1. Within segment 1-38, take every residue that is assigned to a helix (DSSP H, G or I) and under 17 Å from Leu73 (Cα atoms) and give me the one that is modelled with the lowest pLDDT.
2. Can you tell me how many residues within segment 39-49 are touching a residue at least 12 places away in the same chain (Cβ under 8 Å), under 14 Å from Met59 (Cβ atoms) and either small (Gly, Ala, Ser) or not in a loop (DSSP other than H, G, I, E, B) (or both)?
3. What are the residues in segment 38-58 that are surrounded by 14 or more Cβ atoms within 10 Å (Cβ to Cβ) and more than 15 Å from Phe12 (Cα to Cα), if any?
4. Taking segment 50-63 only, how many residues are free of Cβ contacts under 8 Å to residues at least 40 places away in the same chain, closer than 18 Å to Asp32 by Cβ and either in a helix (DSSP H, G or I) or not β-branched (Val, Ile, Thr) (or both)?
5. Among the numbered conditions (1) touching a residue at least 12 places away in the same chain (Cβ under 8 Å); (2) in contact with a Phe, Trp or Tyr (Cβ under 9 Å, 6 or more places away or on another chain); (3) not acidic (Asp, Glu), tell me where Gln5 comes up short.
6. Just to be sure, is Asp24 of a type outside the set (Phe, Trp, Tyr) and more than 13 Å from the chain's Cα centre (by Cα)?
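The values are calculated or read from the model by the stated rules, or taken from the named source; none is laboratory data. Every value quoted in this text rests on a predicted model; they were computed, and no experiment measured them. Heads up, the Cβs are rebuilt from the backbone with ideal geometry, glycines too, and the neighbour counts pull from every protein chain shown.
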Amino acid sequence: MQRLQSIIEQVFDTSFTSIDRRDDLKELDFWDSMNHMLLITGIEKDYDIILEAEEIIAMTSIETIETILFKKLEES
């Protein structure tokens with residue numbers, strides 16, 4: 001998941017280790033709707049996938065992002 005870590009650090013300009021995998025990302029100061037979409041765009045581009053609206057909405061923590069991403073990659 002090094003690629004995901006890199007995307008998160010770039011989009012949010014923060015260290016990946018400063019985020020708990022289970023934290024509700026909406027509670028973090030640097031998390032807003034624009035950064036969320038930049039994260040989604042970065043993930044889709046880097047992993048060459050298209051995320052469904054339900055998947056995007058469900059991405060509320062690093063843990064859920066990883067789960068959705070793993071599932072999506074297995075489907076490909």
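1. Here the answer is Gln2.
2. Result for segment 39-49: 5.
3. Glu44, Tyr47, Ile49, Leu51, Glu55, Ile56, Ala58
4. 4
5. (1)
6. no
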